[in-house]
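Worksheet: one structure, shown below.
The values are calculated or read from the model by the stated rules, or taken from the named source; none is laboratory data. These figures come from a predicted structure and were not determined experimentally. Note that we place each Cβ from the backbone using ideal geometry, even for glycine, and neighbour counts take in every protein chain shown.
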Amino acid sequence: MKLNTMKSNFKSGFVSIVGKPNVGKSTFLNQIIGSKIAITSPKPQTTRNRILGIKTTEDYQMVFVDTPGIHKPLHQLGKILDDTAYSAIQGMDAVLFMVDKERSFAEDQIIKLFNAVDSPVYLVINKIDLLKSKADIDKIIMSYLGAFPFKGFFPISAKEATNTDKLIEALKEDLQEGYPFFDCDQISNQTDFQLMSEIIREKVLYKTQEEVPHAVAVVIEHTEMNDGVYEVHATIVVERPTQKQILIGKGGSMLKEIGTEARKEINKILDTKIHLILFVKVKKDWRNRPSDLKAFGYDKSE
């Protein structure tokens with residue numbers, strides 16, 4: 001899309017998506033953008049970075065900010081993730097507070113943050129495809145009445161795209177007239193390297209259990225072109241030797257599965273051919289080490 005195809009009253013703005021871990025924020029973002037730009041999994045804290053999803057039409061550009069799930073941090077990485085989510089609430093044109101169940105103490109702690117922002121906040125009840133009746137939806141909405149002056153209530157299913165179009169229409173009212181912030185063909189702020197590392201981590205999340213998924217970081221070490229195929233060298237970092245053994249698996253079987261699935265998805269999403277070479281390295285307690293956090297791209301503070 002070119003600038004001269006846009007309407008004279010073109011609007012643009014930023015919309016933050018916040019909530020507890022695993023309520024479907026990344027699934028919603030991928031659905032709205034129409035492409036996979038954020039990894040998903042059933043594991044809490046799947047999202048670790050502030051990811052932008054950019055939706056542009058001839059009428060508007062809506063920049064969604066997907067944030068890590070807000071939780072009680074257990075290590076320095078957790079604190080950084082919470083700080084990332086908190087900062088994403090400030091200066092937005094609108095905020096989506098995504099939930100999937102009745103209000104509890106955890107949601108109340110997030111709602112308190114909204115008192116410090118001037119942006120309109122919408123309550124978005126996700127995963128309605130899993131609820132049995134409209135009465136179940138009403139029960140969730142009722143539990144939030146009086147907790148905060150939400151601008152609107154939207155029951156949706158991010159997975160099935162139910163009512164997401166109605167939410168977009170409401171959000172358009174909060175955008176400001178002006179030029180787009182990003183190129184009209186851009187759909188995310190992630191580099192190909194960042195997307196590749198996240199896809200590899202997603203496969204680890206699906207393949208492993210307990211503490212292993214949360215102790216993993218993925219670093220793309222380098223790439224090189226050989227006969228029209230990108231050779232990608234990536235390191236999976238864990239905190240303990242036992243975690244390394246689990247990731248490698250018997251005879252290297254687990255690492256091979258992770259690599260095969262990641263390679264196929266990267267090829268599809270980036271429309272290219274890669275040869276993926278994975279290594280596993282132990283960095284003890286890296287989630288509490290500032291130097292490691294910065295090296296792995298999580299602590300962006302100066």
Next on the checklist: Quick check on GLN243: is it at pLDDT below 95, in contact with a helix residue (DSSP H, G or I) (Cβ under 6 Å, 6 or more places away or on another chain) and outside any strand (DSSP E or B)?
Outcome noted: yes
Checklist entry - Out of the residues in the range 132-171 that are hydrophobic (A, V, I, L, M, F, W, C) and free of Cβ contacts under 8 Å to residues at least 12 places away in the same chain, which is surrounded by the fewest Cβ atoms within 10 Å (Cβ to Cβ)? => result ALA135
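Could you list, in sequence order, all residues of the range 149-173 that are under 12 Å from PRO120 (Cβ atoms) and either acidic (Asp, Glu) or at pLDDT below 95 (or both)? Lay out the reasoning, then the answer.
Step one: of the range 149-173, the residues under 12 Å from PRO120 (Cβ atoms) are 149-152, 170-171, 173.
The answer is GLU173, and nothing else.
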Next on the checklist: Just to check your reading of the model, which residue among GLU231, GLU198 is touching a residue at least 24 places away in the same chain (Cβ under 8 Å) and either assigned to a strand (DSSP E or B) or on the phi > 0 side of the Ramachandran plot (or both)?
Outcome noted: GLU231
Checklist entry - CYS184 fails exactly one of the following numbered conditions: (1) surrounded by 15 or more Cβ atoms within 10 Å (Cβ to Cβ); (2) more than 17 Å from GLY13 (Cα to Cα); (3) in contact (Cβ under 8 Å) with a residue 12 or more places away in the chain; (4) not assigned by TED's automatic domain parsing to the domain that holds LEU278. What is the number of that condition? => result (2)
Checklist outcome for this item: With criteria (1) surrounded by 14 or more Cβ atoms within 10 Å (Cβ to Cβ); (2) touching a strand residue (DSSP E or B) at 6+ places or on another chain (Cβ under 6 Å); (3) at pLDDT 90 or above, ASP129 comes up short on (1)
Next on the checklist: Yes or no: the range 209-217 includes at least one residue that is over 21 Å from the mean Cα position of the chain (by Cα), free of Cβ contacts under 8 Å to residues at least 40 places away in the same chain, assigned to a helix (DSSP H, G or I) and closer than 26 Å to SER26 by Cα.
Outcome noted: no
Checklist entry - Does ILE220 satisfy being surrounded by 14 or more Cβ atoms within 10 Å (Cβ to Cβ), free of Cβ contacts under 8 Å to residues at least 40 places away in the same chain and outside any helix (DSSP H, G or I)? => result yes
